[in-house]
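The values are calculated or read from the model by the stated rules, or taken from the named source; none is laboratory data. Remember, it's a predicted structure, so these values are computed and weren't measured experimentally. In this analysis, Cβ positions are derived from the backbone assuming ideal geometry, glycine residues included, and neighbour counts consider all displayed protein chains.
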Amino acid sequence: MNINYTISSDACIQCAKCVPTCTIHIANPDETTSPRGFIALLGEYYRGNLELDREVKSIFESCFLCTNCVDVCPKKLPTDNLIENVRYDIVKKFGLSPHKKIFFSLLKNRNMMDMFFKAGYLFQSCGIKIKEDIASMRLPIIKKTVPAVSKKSFLNSYPEMINNGSNKTVAIFIGCLANYNYTNIGDSLIRTLRHLDFNIFLAKNQLCCGAPAYFTGDFKTVDYLSKHNISYFESFIDKVEAIIIPEATCSAMIRVDYKHYFHDQPEWQKRAENISKKIYLATEWLYKFTEINNILETRESKKTDKNKNITYHDPCHSRKMQGVYAEPRKLLSKNYNLIEMENSNQCCGFGGVTIQTEKSEFAEKIGDLKAEMINDTGANIVSAECSACRFQITDSLERNNINTIFKNPIELIADALDER
């Protein structure tokens with residue numbers, strides 16, 4: 001990847017605006033694991049003055065890639081891109097751990113993914129208690145709350161084309177977690193689109209967006225997944241109004257990061273740019289391009305209904321990478337009492353595959369802070385358009401014995417429409 005890391009490191013003016021916003025620095029207050037620390041180390045590495053040993057590897061793998069530093073940096077230094085690309089060197093030198101090899105191989109094969117999750121569903125049915133209200137289960141061995149596996153994936157639950165008699169069609173890219181675990185998100189999106197009389201094309205040949213592999217540094221897998229998805233989208237892009245995605249990470253990956261990834265492959269970068277023009281986060285598209293804001297009736301009864309008290313968390317890949325934060329709030333506030341938490345923009349602490357599996361103590365520290373913010377609002381529902389956030393926040397709430405449940409805004413919007 002042809003990024004000049006030396007120029008980026010020299011451009012840092014050491015103002016320290018990034019430091020208090022940095023997620024890993026909050027969990028581990030060390031100058032080394034701060035944005036300006038990362039940039040300084042990257043400069044030394046690319047000058048040949050720093051060996052990429054296991055200690056340095058561990059430092060670069062501790063970044064949550066939340067982009068808070070980029071958001072506040074007066075020079076907008078792309079620290080997240082720099083970290084993503086040095087992780088490519090890490091994978092080249094050290095390879096992938098066995099569990100990552102298996103996971104990323106599955107991402108490239110939809111049939112194998114279907115079989116894997118079907119086996120997971122059978123396993124969880126053997127005496128593991130599922131909490132239906134949060135669509136999760138507690139695994140005592142790892143002391144973590146993880147998403148329950150649905151009996152049937154979202155994409156396998158519907159025909160490819162759902163015709164509602166309209167002259168307008170939208171496509172859905174659902175994402176892996178919503179396809180296999182939180183399937184009510186897709187069900188709710190279909191319910192919403194039916195209320196709006198849109199035909200629905202379920203892009204069944206879609207593969208994972210590639211975000212887990214991209215954030216880890218497995219660019220071989222990213223190359224395969226991104227090129228497959230772009231080629232597939234091109235086969236129907238002119239026939240649909242938009243490709244809508246109810247997942248912030250997937251949307252940001254396809255809409256923004258594909259273009260970053262292909263910066264040294266001009267032909268594919270151009271194709272990624274063309275596709276990105278029709279990629280939308282679901283609430284953004286609903287608010288900007290449909291009549292849903294007028295259809296949703298403001299309900300005065302919500303003011304006395306505690307079940308309508310919600311708070312909203314801003315996923316890193318929604319607000320900071322795509323500028324989407326007002327739209328879900330405007331739609332939700334029609335039928336729910338929206339109570340803002342202290343810092344909705346603070347990362348939930350998910351951080352990617354490596355953080356979750358190898359540095360989970362950092363994820364828990366950040367998750368505890370987010371859980372406390374949510375609890376302080378008194379809301380009984382927390383919402384965010386991201387299933388990675390859902391995974392992390394649900395576990396944080398459960399560990400802290402907080403009864404607030406997580407719902408994707410699309411689920412809440414569909415419920416509000418049904419109440420009409």
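Annotations
- Among (1) under 18 Å from GLU284 (Cα atoms); (2) part of a loop (DSSP other than H, G, I, E, B) - the single one ARG329 does not satisfy: (2)
- Close pairs from segment 395-410: first surrounded by fewer than 24 Cβ atoms within 10 Å (Cβ to Cβ), partner of a type in the set (Val, Ile, Thr) and in a helix (DSSP H, G or I), Cβ under 6 Å, at least 6 apart: THR404/ILE374
- Taking the numbered list (1) modelled with pLDDT of 95 or more; (2) crowded, with 18+ Cβ neighbours inside 10 Å in turn, GLY323 passes all entries but (2).
- Residue that is surrounded by fewer than 17 Cβ atoms within 10 Å (Cβ to Cβ) and touching a residue at least 60 places away in the same chain (Cβ under 8 Å), where the choices are ILE90, ILE13: ILE13
- Residues of segment 136-170 classified as among the hydroxyl-bearing types (Ser, Thr, Tyr), crowded, with 19+ Cβ neighbours inside 10 Å and in a loop (DSSP other than H, G, I, E, B), total: 2
- Any hit, segment 363-380, residues being among the hydroxyl-bearing types (Ser, Thr, Tyr), out of contact with any Cys (no Cβ under 7 Å at 6 or more places or on another chain), touching a residue at least 60 places away in the same chain (Cβ under 8 Å) and assigned to a helix (DSSP H, G or I): yes
- Pair list, Cβ < 7 Å and 6+ apart or interchain, from segment 109-131 residues that are under 14 Å from PHE154 (Cα atoms) and in contact (Cβ under 8 Å) with a residue 40 or more places away in the chain to residues that are surrounded by 12 or more Cβ atoms within 10 Å (Cβ to Cβ) and of a type in the set (Gly, Ala, Ser): ASP114/SER153; PHE117/SER153
- The set of residues from segment 69-109 being assigned to a loop (DSSP other than H, G, I, E, B) and closer than 28 Å to ALA16 by Cβ comprises CYS73, PRO74, LYS75, LYS76, LEU77, PRO78.
- One residue stands out among those in segment 15-35 that are touching a helix residue (DSSP H, G or I) at 6+ places or on another chain (Cβ under 6 Å) and assigned to a loop (DSSP other than H, G, I, E, B): the one that is farthest from CYS63 (Cα to Cα), which is LYS17.
- Taking residues in segment 182-204 that are closer than 16 Å to PRO159 by Cβ, and partners anywhere that are part of a helix (DSSP H, G or I) and small (Gly, Ala, Ser), the pairs with Cβ atoms closer than 7 Å and at least 6 places apart or on different chains are GLY186/ALA178; LEU189/ALA282; ARG191/ALA414.
- In summary, ALA171 fulfils each of the numbered conditions (1) closer than 21 Å to LYS407 by Cβ; (2) in contact (Cβ under 8 Å) with a residue 60 or more places away in the chain; (3) not charged (D, E, K, R) with the single exception of condition (1).
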